[in-house]
Amino acid sequence: IILYQEQVMLFMYALGGLGWKTAATVRKVISKSQGAEQFLKFKGLFVEGCLERKTLDKATAEALWDELASFGSYGFNLSHAVEYSYITYWDMWLKVHYPEEFICSNLTFGPEDKKEEILEEAYRMGMNIALPKVGQSHATNWAVNNNTLYMPFCSIKGIGDVMAKQCEDFSRTGFFGKKKEISGKAKVLLEQIGAFDLDKKF
């Protein structure tokens with residue numbers, strides 16, 4: 001049973017007598033469909049090699065090649081399969097044991113076009129999603145506290161990375177830098193979305 005691309009290379013080497021470098025090239029041609037001309041060229045080399053080594057007759061060699069070629073459209077590289085398996089295992093372990101942190105990290109570092117899907121998963125897992133909030137949110141990273149995910153300040157329309165960092169600094173100290181209270185556009189925007197925690201004095 002052929003499962004991995006390395007097995008295709010082994011067939012090329014052991015049956016057709018093709019060198020490992022050539023076998024690797026064939027693997028790429030098959031997996032990426034690089035054109036009929038190259039495909040037929042390597043097919044001829046493989047069939048000739050099988051006949052010379054007397055491993056397969058012409059009809060069987062051609063049939064096997066066609067089977068290997070069709071496999072190439074869905075076959076996978078073994079080393080990649082192992083690595084993805086490890087990553088999947090680690091991801092699932094984190095999702096089970098640290099679900100809030102796992103979702104939070106995905107929202108922060110995951111692709112933009114997956115955010116909606118990740119948020120739906122967060123809701124499914126019973127988490128709450130909150131707008132940016134002083135004392136909780138970060139500049140560009142999502143934050144989590146008590147089963148609630150807080151959007152970053154940069155997600156507010158009109159706030160760029162620099163102002164978002166100022167909002168985060170204020171969240172931590174109550175001031176912008178030295179003795180400068182939050183004011184201006186940042187304060188107006190934060191007030192509009194209710195970002196200030198009324199139970200805290202800033």
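For segment 45-132, the carbon plus sulfur part of the accessible surface works out to 57%, probe radius 1.4 Å. Taking every protein chain into account, the accessible area of segment 75-150 amounts to 65 square angstrom per residue (probe 1.4 Å). Note on K157 and N128: the extension gain reaches 8.3 nm, defined as 0.36 nm multiplied by sequence separation minus the Cα-Cα distance.
Backbone amide hydrogens, once placed in the peptide plane, bring V144 within less than 5 Å of Y150, excluding anything fewer than 5 places away on its chain.
Checking the Cα-Cα distances for K115/K165; K28/K115; K21/K95 against a 30 Å cut-off, the pairs over it are K28/K115; K21/K95. Computed from the C-beta positions of Y98 and L10 and an R0 of 45 Å, the FRET efficiency is 0.65 to the nearest 0.05. What the phi angles of segment 111-125 give under the Karplus curve with 6.51, -1.76 and 1.60, with θ = phi - 60°, is a coupling list of x, 4, 6, 9, 4, 4, 5, 5, 5, 4, 5, 4, 4, 4, 7 Hz, glycine and proline written as x. Return the sequence-ordered ³J(HN,Hα) values of segment 43-49 in whole Hz as given by the Karplus equation 6.51 cos²θ - 1.76 cosθ + 1.60 applied to θ = phi - 60°, using x for Gly and Pro. Taking θ as phi minus 60°, the curve returns 4, x, 4, 5, 4, 4, x Hz for segment 43-49. Relative to its residue count, segment 38-144 spans a Cα convex hull of 166 Å³ per residue.
The values are calculated or read from the model by the stated rules, or taken from the named source; none is laboratory data. Just so it is clear, the structure is predicted and the values come from calculations on it, not from any experiment. Using ideal geometry, Cβ is built from the backbone for each residue, glycine included, and neighbour counts are taken over all protein chains shown. Heads up: the accessible areas ignore ligands, DNA and RNA and are worked out on the full protein's heavy atoms, side chains in. Shrake-Rupley method; radii C 1.70, N 1.55, O 1.52, S 1.80 Å.
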